Amino acid sequence: MDGSGLVTEVLVNHTPYETRVAILEGGVLQDFFVERERKRGIVGNIYKGKVQRVLPGMDAAFIDIGLERAGFLHVKNVVRRGDKPPERISDVLREGQSLLVQVLKDPIGSKGARLTMEISIPSRFLVFLPTADEIGVSIKIASEEQRQTLREAVAGFHQGRQGGFIVRTAIESADVWAMRADMQYLQRVWEAIVQQQRGARPGSLIYGELPLYQKVLRDFVSPGVRRVVVDHPGAHREMQAFAANFLVGMEQTRLEFYSGDRSLFERYGIEEEISLALKRHVALKSGGYLIIDQTEAMTTIDVNTGAFVGKLSQDDTIYKTNLEAARAIARQLRLRNLGGIIMLDFIDMNDPEHQQGVMDALLTALAGDRSKYTISPISPLGIIEMTRKRTRESLRQLMCEPCPCCQGRGYVKTVETITYELFRDLMREARDFSPKTMTIVAGLELIDFIREEESLTFSDLQALLKIPIRLQVDSAYRHGQYDIALG
């Protein structure tokens, strides 16, 4: 179970070309991850890079890591052991220099990967920091006594060796000897990385992250997870081996192989949930709804009462809708992996207690979010501004592409508007080239509109130009597309 007492289940749908992971809490989909073999995410990968260009004005550098676009390294992510961070990027980097870098953020859109020289290698209970020397403990471990005990245990096991560690929350459910085994594993991994990068060419991958079906065991499985269900026998065997080696105390009975007639995601209704998560409109049980709009710069989420009128006062109706919306918004942020600047436009509330209640409900619902976020107080207009860390593409960016008709605007010109644009083009072509005949090639919708709704105008146009104009249907033409052939 999670902190709310809800049963947590992890469903893994694996094929040779794609892995999908659904995390359910109380039977409701809360998180969804996709990894396609052809476009595997590279966050966590370590490369031997080569400085392609130093940008003193931006205090950054472009690093060639062997991908289509160069990675971006800011001065704050440059590490110099034993010294404070450099003030200027040109003090430590020069063009042509080789260096070891790790990916912080996947390439998104036209932007290359975000890089760091502060290497971190995670395992089940620890994160190894070979370029640091401090020992930290996850802030989610609240007990100061436990935090101090863990620091002392790590220091004792690690005495006299290079590097630092961060203790992960998962250690709360295991003993310190499991942590020692993790420490030994991480140091073996680092030694292999150091050895491999010595003879590697710049632009080479030195260390790759685990595949998603193993990563989910490392990062998400805790005593609160009742079971992990996977539908691929090969992946199931690899996950069993990984669990035996690294998930000390995890009962093999919690890792199940699914072999039902229906697909795993259909059996649990996940396919339908994914389709809904790609839509702009999100229905609330009360009859209200959310409208979610993603742009390049930010995401806006608008709350509406819809058909919900309630049995009490208008203020109470608005308050109840906003409370439900706050919980739904937190789920949508995780499910759609929305990041960057996010504006939440709640329905206006006059009562300060109602405003605080909605803010408290949102913070409570966000408590299970693994991504870092910042949140501002609710404004008198009911707007909350927040940011959420984005390390990979959103669900829409991953699974969709801009509409070929509207180019992502979400709307298209009416057929009437297109027809009048076409008539203006006909007049210009006739004036500039004086053709003997003209042919309009377009889809059926546009041709039918001209024939049925604008037949008189079209006839008058031919008389005005004194040129016969032929209409030709071509099913390959989409809405708004047409060509004019001159004869």
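The values are calculated or read from the model by the stated rules, or taken from the named source; none is laboratory data. Please read all numbers here as calculations on a predicted model, not as lab measurements. Note that each Cβ is placed from the backbone with ideal geometry, even for glycine, and that neighbours are counted across all protein chains shown. For accessibility, only protein heavy atoms count, side chains too; no ligands or nucleic acids. Shrake-Rupley method; radii C 1.70, N 1.55, O 1.52, S 1.80 Å.
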Gly57: passes all of (1) without any contact (Cβ under 8 Å) to a residue 60 or more places away in the chain; (2) open to solvent by 70 Å² or more (accessible area, probe 1.4 Å); (3) closer than 25 Å to Lys389 by Cβ but (3)
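Suppose we filter Asn350, Asn322 for residues that are at pLDDT 90 or above and either in the same structural domain as Ile383 (by the TED database) or closer than 22 Å to Leu381 by Cα (or both); which single one remains?
Values: Asn350 fails: at pLDDT 90 or above.
Exactly one residue qualifies, and that residue is Asn322.
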Restricting to the range 301-319, and then to whatever is within 20 Å of Ile383 (Cβ to Cβ) and of a type in the set (A, V, I, L, M), can you tell me which residue is most open to solvent (accessible area, probe 1.4 Å)? Ile318
Somewhere in the range 374-381, is a residue surrounded by fewer than 13 Cβ atoms within 10 Å (Cβ to Cβ), over 29 Å from Asp448 (Cβ atoms), at pLDDT below 85 and touching an Asp or Glu at 6+ places or on another chain (Cβ under 7 Å)? yes
Scan (1) assigned to a loop (DSSP other than H, G, I, E, B); (2) open to solvent by 30 Å² or more (accessible area, probe 1.4 Å); (3) farther than 30 Å from Gln97 by Cα for the single condition Arg124 breaks and write down its number. (2)
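The rows are residues; the columns are (1) closer than 20 Å to Leu67 by Cα; (2) part of a strand (DSSP E or B).
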{"position": "Glu95", "(1), (2)": "yes, no"}
{"position": "Ala132", "(1), (2)": "no, no"}
{"position": "Gly136", "(1), (2)": "no, yes"}
{"position": "Leu150", "(1), (2)": "no, no"}
{"position": "Phe157", "(1), (2)": "no, no"}
Helices (runs of 4 or more DSSP H) enclosed by the range 223-289 - at least 2 residues per element that are within 27 Å of Arg124 (Cβ to Cβ): 233-246, 264-267
Using the structure shown, decide if Thr300 is within 22 Å of the chain's Cα centre (by Cα) and without any contact (Cβ under 8 Å) to a residue 40 or more places away in the chain. no
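Step by step: first the residues of the range 132-169, then only those that are among the hydroxyl-bearing types (Ser, Thr, Tyr) and open to solvent by 30 Å² or more (accessible area, probe 1.4 Å), then the one that is farthest from Ile206 (Cα to Cα). Which residue is that? Steps first, answer last, please.
Kept after step one, since they are among the hydroxyl-bearing types (Ser, Thr, Tyr), are these residues of the range 132-169: 138, 143, 149, 169.
So of that shortlist, the ones also open to solvent by 30 Å² or more (accessible area, probe 1.4 Å) come out as 143, 149, 169.
Values: Ser143: 38, Thr149: 34, Thr169: 28 Å.
Among residues in the range 132-169 that are among the hydroxyl-bearing types (Ser, Thr, Tyr) and open to solvent by 30 Å² or more (accessible area, probe 1.4 Å), the one farthest from Ile206 (Cα to Cα) is Ser143.
Thr419: touching a strand residue (DSSP E or B) at 6+ places or on another chain (Cβ under 8 Å) and farther than 30 Å from Ile291 by Cα, yes or no?
Values: touching a strand residue (DSSP E or B) at 6+ places or on another chain (Cβ under 8 Å): no; farther than 30 Å from Ile291 by Cα: yes.
When the stated conditions are applied, Thr419 does not pass them.
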Here is a list of conditions, (1) open to solvent by less than 50 Å² (accessible area, probe 1.4 Å); (2) in contact (Cβ under 8 Å) with a residue 24 or more places away in the chain, and Asp348 meets all of them except one; can you say which number that is? (1)
Gly287 - would you say it is at positive phi, modelled with pLDDT of 80 or more and not assigned by the TED database to the domain that holds Phe220? yes
Just checking, does the range 108-118 include any residue being open to solvent by less than 50 Å² (accessible area, probe 1.4 Å), out of contact with any strand residue (DSSP E or B) (no Cβ under 6 Å at 6 or more places or on another chain), β-branched (Val, Ile, Thr) and in a strand (DSSP E or B)? yes
First in the range 137-165 and free of Cβ contacts under 8 Å to residues at least 60 places away in the same chain and closer than 23 Å to Glu191 by Cα, second anywhere and assigned to a helix (DSSP H, G or I) and open to solvent by 90 Å² or more (accessible area, probe 1.4 Å), Cβ under 6 Å, 6 or more apart: Phe157/Arg180
In the range 198-216, which residues are touching a residue at least 40 places away in the same chain (Cβ under 8 Å) and not in a helix (DSSP H, G or I)? Ala200, Arg201, Pro202, Gly203, Ser204, Leu205, Ile206, Tyr207, Gly208, Glu209, Pro211
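Results for (1) open to solvent by 50 Å² or more (accessible area, probe 1.4 Å); (2) more than 30 Å from Ile139 (Cα to Cα), shown as yes or no for each residue.
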site	(1), (2)
Ala277	no, yes
Gly287	no, yes
Thr299	no, no
Gln332	no, no
Pro352	yes, yes
Gly357	no, no
When you scan the range 180-197, do you find a residue that is free of Cβ contacts under 8 Å to residues at least 24 places away in the same chain, farther than 30 Å from Val34 by Cβ, among the β-branched types (Val, Ile, Thr) and open to solvent by 70 Å² or more (accessible area, probe 1.4 Å), even just one? no
